[in-house]
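The values are calculated or read from the model by the stated rules, or taken from the named source; none is laboratory data. Model, not experiment: these values are computed from the prediction. Note that each Cβ is placed from the backbone with ideal geometry, even for glycine, and that neighbours are counted across all protein chains shown.
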């Protein structure tokens, strides 16, 4: 009975959240809900004992549903007429119901494909809801309040503009083949070679305000969500995996500090790690090899934590693998699970030295 009352309390909280969306939800809170549900059902799928192929197909389906949800929300639930103050009333109320039904779609699929074999979920009966203690109800309402606060905060980052920017950029990406070749010039390698006598390599984490970084910050709850490497302290040779700023294809690219200035308060933190000339040369040689073979940004790996090919990486995965390649990594973690802030927070042996902070606005 305690288990049933627990699920009754959880379902009551979910019901209150959905009711809150129906009464007070806007395009940002609906968008946040779609993305959060996508993350939750994807994580749930990854921990089930199904085959890897089934998991990948399911997560791809959830991703397609999320894109459909966001476009439908912007084009139907909160259409142009509503945004201009023309739409509203009863018609819009029913559109919101349709938007909430879309939220339940991936949950329903997950329920019947993944969860049905392991647990039973149901709406509470009247007697079960009445049996919920005051402390359980209070805890549930506190959870609702915390969730709403999180939604409000996340709504600023998961704005329709940021989501649209990411979706519009998706066709440029490919997580299964190399699409970036030779974006680093001979001049770059010549300048990086001049820095090999510097007995330190520089790790840079940044808070740039890019659309992808703002969305990632909702789930990592970290301010800094991009990582780079530099062979020199002045960051003339800064390099990482990124979107290419629509100049180069997504993958391994040289970076420019000017591109980091995407929002008020953007900043970067620069740390240094001791290394020999031979170790820096090994990293530079590996980067040159990747530059010649080709690369791509590991967009799918942000969720799947896996690379289809060796040179398909995301930013912090790249930084960690280069340090590990040279034998100077200072913590152990699967490279597909390394977040930018891990590079700083997991420095348990105090190998890093803080160099400076650069505020860009």
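Somewhere in the range 223-241, is a residue under 20 Å from residue 343 (Cα atoms) and at pLDDT below 85? Among the residues of the range 223-241, at least one is under 20 Å from residue 343 (Cα atoms) and at pLDDT below 85, which makes the answer yes.
Taking the range 47-58 as the range and being touching a helix residue (DSSP H, G or I) at 6+ places or on another chain (Cβ under 6 Å) and either surrounded by fewer than 19 Cβ atoms within 10 Å (Cβ to Cβ) or not assigned by TED's automatic domain parsing to the domain that holds residue 110 (or both) as the test, the residues that pass are 48, 55.
Residues are listed down the side, and each one gets a yes or a no for (1) in a loop (DSSP other than H, G, I, E, B); (2) in contact with a helix residue (DSSP H, G or I) (Cβ under 7 Å, 6 or more places away or on another chain):
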position	(1), (2)
168	no, no
174	yes, no
177	yes, no
187	no, no
190	no, no
196	yes, yes
201	no, yes
205	no, yes
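The residue that is modelled with the lowest pLDDT, counting only those in the range 336-361 that are within 20 Å of residue 260 (Cα to Cα) and in a loop (DSSP other than H, G, I, E, B), is 361.
Quick one: would you say residue 323 is at pLDDT 95 or above and either outside the structural domain of residue 59 (by TED's automatic domain parsing) or more than 16 Å from residue 175 (Cβ to Cβ) (or both)? Against the criterion (at pLDDT 95 or above and either outside the structural domain of residue 59 (by TED's automatic domain parsing) or more than 16 Å from residue 175 (Cβ to Cβ) (or both)), residue 323 qualifies.
Is it the case that residue 333 is under 20 Å from the mean Cα position of the chain (by Cα) and either part of a helix (DSSP H, G or I) or in contact (Cβ under 8 Å) with a residue 12 or more places away in the chain (or both)? Yes; evaluated as a whole, the condition is true for this residue. From the list 12, 17, 40, the one residue that fits, being at pLDDT 75 or above and in a helix (DSSP H, G or I), is 40. Note on the range 273-321: residues that are buried (at least 19 other Cβ atoms within 10 Å of the Cβ) and assigned to a strand (DSSP E or B) amount to 6.
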